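Every read-out reported here was derived from the displayed coordinates using simple, explicitly stated rules and does not represent laboratory data. This is a predicted model, so every value here is computed, not measured. Backbone-built Cβ (ideal geometry, glycine too); neighbour counts: all protein chains shown.
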């Protein structure tokens, strides 16, 4: 093997190890990409900091939700969900666990459109166009696998240090 | 090779779940949350039926005879559902949407909880429309907002909810006291209370009196420009300029007035202020 070949192999090995370590530390799905469009958001104008924290926290919410649904773990919802969204997801995970089912989401990204930002800044409504791969498993048996583009209506409210998902409802595209 | 092709095709079909269309499912185009319905199926015989929804997941053995009955309790959450039927090792699936039921709940956000009187567009109210299962209703709905002062009649305005949200801005009343801000849709009403408090002091006036060789300076009852008494605790600043120099004393309003005792050397000018509002100025001679 030439010197260049050995160096390339070393770099590849380091990258693979790093990737494995990051995945192992994280222990779950990677952070999905989220783009936020606020062109039609109103009546309140979005603040600079909020325009960064909403897509960041929404991505973290989806990451934790995907892990919670795959591992049937309700505790993972505490970080980024509250209100109705948390209640409904908790019900679903408990029902999944009872039925021995788990659902694996492979997240291909989200396009968020801001629809309503309350005058007092205490609630934001967004529409999400998400690209997902969904696998439904009964134990280890794959029941169904699909690639879908889904539309969600989202309500987020500010918490102490982050924006929380308060409602998350799939809606029919027209 | 040609002889093996049908066998290979059969193997692929048997190994990939969902590929073999042995149990086609045909859910209805429109389903309302909480209503019983059935999913048509071409399959016959015993199978396992799964229903995966936003807030509920169920699994049960079914005997399929052209259709599978689904209880309304299984589809109380609006959104996308996936129905899966597995018969003889072959699974088929179909997705369908459950629409929200009629509007019957509101979630109302009103801000702030305390506001000064006569403040233009200072109160905001946003109402989110839900059905009885707490599904957000996105179809346009009329929401009636009302503002009821402590004394007087309610004023109402109707706004159309867009994507499930209706909102309004209101100017606070000229009289202090609680105002009930409400939102109504059908039989559902939500109410929040906003406390309206006096605005800045207006027409501040002071007078001075010697009592037991001490000079006491006090205000007239302090009110805002609409005649509302400013709340106790509001800070009033008294400033004295005499031979000893300039002195400022802050005193809180107690029972509608503010009062301080000020030692005076020689002739003195005493003025009063509250925030950015200034009052009259009085001149006093030294100790009698």
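Here are the numbers:
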read-out	value
D_trans [Stokes-Einstein, Kirkwood Rh over alpha-carbon pairs] for the range B:163-225, 10 °C, 1.306 mPa s, µm² s⁻¹	99
The range B:130-248, relative contact order [Cα under 8 Å, separation at least 6], %	17
Packing-based ranking, highest mean first, of A:65-74, B:238-247 given that Cβ atoms within 10 Å are counted	A:65-74, B:238-247
Separation of alpha-carbon centers, the range B:229-259 and the range A:108-170, rounded to whole Å	56
Average beta-carbon neighbours from other chains, 10 Å sphere, peptide B:73-79	3
Ranked by how many other beta carbons lie within 10 Å on average, peptides A:47-57, A:83-93 from highest	A:83-93, A:47-57
DSSP bridge orientation in the range B:17-144 - percent antiparallel, rounded to nearest 5	95
The range B:201-255: radius of gyration over Cα atoms, expressed as a fraction of 2.2 N^0.38 Å	1.27
Enclosed volume per residue, in Å³, of the convex hull spanned by Cα atoms of the range B:109-233	114
Inter-centroid distance (Cα atoms) of the range B:177-225 relative to the range B:101-137, Å	27
Rounded tilt (10° steps) of B:5-15 against the dominant C-alpha axis of chain B	40
Residue of B:196, B:144, B:30 that the Gaussian network model of chain B assigns the largest fluctuation, springs spanning Cα pairs under 10 Å	B:30
Kirkwood-based shape ratio for the range A:61-174, expressed as Rg/Rh from alpha carbons	0.99
Percentage relative contact order, the range A:103-143, counting C-alpha pairs under 8 Å, at least six apart	46
Other protein chain Cβ atoms within 10 Å, averaged over every residue that makes up B:122-135	3
Mean shadow area of the range B:144-189 over all directions, Cα convex hull, nm²	3.6
Length-normalised contact order for chain B - Cα pairs under 8 Å, 6+ apart - percent	12
FRET efficiency estimate (nearest 0.05) - Cβ-Cβ, residue B:114 to residue B:243, R0 51 angstrom	0.70
Estimated inter-spin distance, residue A:160 and residue B:235, nm [label 7 Å along Cα→Cβ]	3.0
Radius of gyration, Dmax [the range B:81-143; alpha carbons; angstrom]	21.2, 73
Chain B: projected area of the alpha-carbon convex hull, averaged over directions, in nm²	27.0
Inter-site label distance for residue A:44 and residue B:193 at 7 Å from Cα along Cβ, in nm	2.5
Normalised convex hull volume, the protein assembly as shown, alpha-carbon set, Å³ per residue	239
